[in-house]
Amino acid sequence: MPRFPNEIQYGEKYYDDYYEYRHVILPKQIFKTMPRDQKVLTESQWRMMGIQQSRGWVHYDSHKPEPYILLFRRPKGTDPQTGIPPRGFKDPDFLESQQNEQQQMQQDESSIQLQQQVEQNQRQNLNQNIFLRKNVQKYNRYDFFNNTQ
């Protein structure tokens with residue numbers, strides 16, 4: 001049974017190498033108003049629900065067993081007044097997605113090349129089969145005529 005608080009609760013911040021994180025626990029009456037058709041909320045959506053945080057926070061997930069616990073993050077060193085991340089910040093998720101995209105493109109290229117090679121081999125085999133059939137037919141005709149005389 002979920003334990004909903006009476007009012008919005010804000011968790012302490014915690015950090016990794018790139019981001020600062022925090023979680024927000026929603027009361028039942030606010031959780032009921034939350035859109036269910038999307039995984040993450042926009043800033044205007046969570047602010048309209050009454051969540052108050054400095055600028056730069058992004059809702060990136062919900063705690064799966066307890067969807068009324070919202071997970072937020074922002075780049076370490078983000079200016080809380082403007083929400084602007086520090087100069088030179090590189091999002092590791094974006095970098096990873098770029099690498100995955102490049103790997104997928106390389107795999108797609110390899111698959112295309114392999115498919116082209118398979119098709120070329122099939123054409124060669126077909127041509128060889130046609131050649132062999134013609135020669136077998138010639139041989140059979142020759143053999144037939146030689147045996148009938």
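For ARG36, indicate whether it is crowded, with 16+ Cβ neighbours inside 10 Å and of a type in the set (Lys, Arg). Write out each step before concluding.
On the way: crowded, with 16+ Cβ neighbours inside 10 Å: no; of a type in the set (Lys, Arg): yes.
Spelling it out, it is not the case that ARG36 is crowded, with 16+ Cβ neighbours inside 10 Å and of a type in the set (Lys, Arg).
Are any of the residues in segment 24-39 in the same structural domain as LYS13 (by TED's automatic domain parsing), at pLDDT below 95 and under 21 Å from LYS13 (Cβ atoms)?
no
The values are calculated or read from the model by the stated rules, or taken from the named source; none is laboratory data. Note that the structure is a prediction, hence the values are computed from the model and not measured. All Cβ positions, glycine included, derive from the backbone under ideal geometry; neighbour counts span all protein chains shown.
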